[in-house]
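Novice: Here you go, one structure.
The values are calculated or read from the model by the stated rules, or taken from the named source; none is laboratory data. Everything quoted here is computed from the prediction, not taken from an experiment. All Cβ positions, glycine included, derive from the backbone under ideal geometry; neighbour counts span all protein chains shown.
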């Protein structure tokens, strides 16, 4: 074989080797990219599973907290502070008078700040003094006018405040007088006063959870000395229908465990007893859920 043919074969062989190296490099890059993609998918799937599991746990904890709150409603109602008629009284206090900037007098100008030493001659100094006196008097009259206007505004604002304060105090005193009248009516066993007093006691209770029905109808039987209450209790729907939530990674779904009907009835049964206890602690020691004998 000639030298020329040998050189061509060498060039061709080098080209083949370069192509082979390039193909191997591309294959390695594809394998790395595939590995990275699989790793990303595994991380994404793991993150998804962890998120769904955390969400299922969070929902379960919320359900547990709701059920625990319902189950502890009776104890919470019985631990509420006793109702006192004095809690319905309002303090005879009003917001104090606050004039704000109107309380600050307008500062009067000081003539010494207007005096000047300018001018080399007596006539020039006299003219400067005359001009300073004129500026001072102009500013002094303006300040006097502003002060008079401030005092007028202050007096008007104070009159408005006094009218408002008197109205507020009159409203508070009328309310307190009404509470006293109702309390005295209860002592006299006046039916309207009895109904109003104990209805206020029930509505004033803080033991009844927010979102629960808060409708009560009351009637007083003077002959039997009994107060009959009709209080709307929550429906079964207030109890969560689901007991717990578990994430099933195999099918990527949440599995909900329903609450047994017996537990629903137990919780709703506690509502009526809690309402009874809430009445007892917030109205009278002798108060029962259906009827009341508040006097010995």
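Novice: Go over the candidates 52, 58 one by one and state the one that is over 25 Å from the mean Cα position of the chain (by Cα) and closer than 30 Å to residue 260 by Cα. Before the answer, list the steps.
Specialist: Details: 58 fails: over 25 Å from the mean Cα position of the chain (by Cα).
After ruling out the rest, the residue left standing is 52.
Novice: Is it true that residue 199 is under 30 Å from residue 71 (Cβ atoms), without any contact (Cβ under 8 Å) to a residue 24 or more places away in the chain and surrounded by 14 or more Cβ atoms within 10 Å (Cβ to Cβ)? Talk me through it step by step, then tell me what you get.
Specialist: Numbers: under 30 Å from residue 71 (Cβ atoms): yes; without any contact (Cβ under 8 Å) to a residue 24 or more places away in the chain: yes; surrounded by 14 or more Cβ atoms within 10 Å (Cβ to Cβ): yes.
So residue 199 passes the test.
Novice: Here is a follow-up. Just to be sure before I move on: is residue 109 in contact (Cβ under 8 Å) with a residue 40 or more places away in the chain and not in a helix (DSSP H, G or I) in the structure I sent? Explain how you work it out, then say what you get.
Specialist: Details: in contact (Cβ under 8 Å) with a residue 40 or more places away in the chain: no; not in a helix (DSSP H, G or I): yes.
No: the conditions fail for residue 109.
Novice: If you go through the range 112-133 one residue at a time, do you hit one that is surrounded by 13 or more Cβ atoms within 10 Å (Cβ to Cβ), within 46 Å of the chain's Cα centre (by Cα) and either over 30 Å from residue 212 (Cα atoms) or modelled with pLDDT of 85 or more (or both)?
Specialist: For the range 112-133, residues surrounded by 13 or more Cβ atoms within 10 Å (Cβ to Cβ), within 46 Å of the chain's Cα centre (by Cα) and either over 30 Å from residue 212 (Cα atoms) or modelled with pLDDT of 85 or more (or both): absent.
Novice: Let me ask something additional. Given the conditions (1) surrounded by 13 or more Cβ atoms within 10 Å (Cβ to Cβ); (2) over 37 Å from the mean Cα position of the chain (by Cα); (3) free of Cβ contacts under 8 Å to residues at least 60 places away in the same chain; (4) closer than 22 Å to residue 87 by Cα, which single one is not true for residue 140?
Specialist: (4)
Novice: May I ask you to list the residues in the range 68-105 that are in a loop (DSSP other than H, G, I, E, B) and farther than 30 Å from residue 148 by Cβ? Give the steps one after another, and end with the answer.
Specialist: Here is the first cut: in the range 68-105, the residues in a loop (DSSP other than H, G, I, E, B) are 72, 79-84, 89-99, 104-105.
The answer is 72, 79, 80, 81, 82, 83, 84, 89, 90, 91, 92, 93.
Novice: For the range 80-97, how many residues meet the condition of being surrounded by 11 or more Cβ atoms within 10 Å (Cβ to Cβ) and touching a residue at least 40 places away in the same chain (Cβ under 8 Å)?
Specialist: Number satisfying all stated conditions: 11.
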